[in-house]
Amino acid sequence: MPKSFLVVQRGSDIGAKVVIKHGQTSMGRNPDNDIVVNEVAVSRYHALLRFNERTGEISIMDLGSTNGVTVNNTEIKSGTPYTLRQRDTIFVGRAVFNLQVRPDDYEAPGLPSAAEDDEEHTLRFNPPVSAPVEQTRQFANQQ
């Protein structure tokens, strides 16, 4: 099964990764939610994420919150599941999340070693070639 998580883009825990459980994951300000969003504009029980293990689809549903749920600048209808896709941006109140889905065999690329990094940048750097002095004088005289 793929691993799914939200990356907090704006809010009190910016940069944090929040795992989406298989089945249902609740979001809201109340501490008994699976994902607690400590933002004033978030309802106590704001939204519900569903991970369908059979299809691999992830959906979100607004639970009748005061400030709604927006996905990629589209406000979703309360009570109607909205299917999410990789890298969707989800607005819950003023908190912003980005959806990431990784296959089971996914391995994050490692950082290059210092030697590889230096070599790569050295190959890309092309210093300007200075013109011979005679050409520079000729150009100056033409002005």
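Every read-out reported here was derived from the displayed coordinates using simple, explicitly stated rules and does not represent laboratory data. Predicted model only: the values in this text are computed from it and were never measured. Cβ sites come from the backbone with ideal geometry, for glycine too, and all protein chains shown count toward neighbours.
Quick check on the range 1-94: take the gyration tensor over C-alpha atoms, sort the square-rooted eigenvalues as a ≥ b ≥ c, and tell me if it's rounded (a/c under 1.5), prolate or oblate. Here the range 1-94 falls in the rounded category.
With K and R counted +1 and D and E -1, the other residues having a Cβ less than 11 Å from that of Gln24 yield a net charge of +1. Tally Lys/Arg at +1 and Asp/Glu at -1 over every other residue whose Cβ is under 15 Å from the Cβ of Ser65; what's the total? The answer is +1. With each label modelled as a point 7 angstrom along the Cα→C-beta vector, the Glu75-Glu53 pair spans 3.7 nm.
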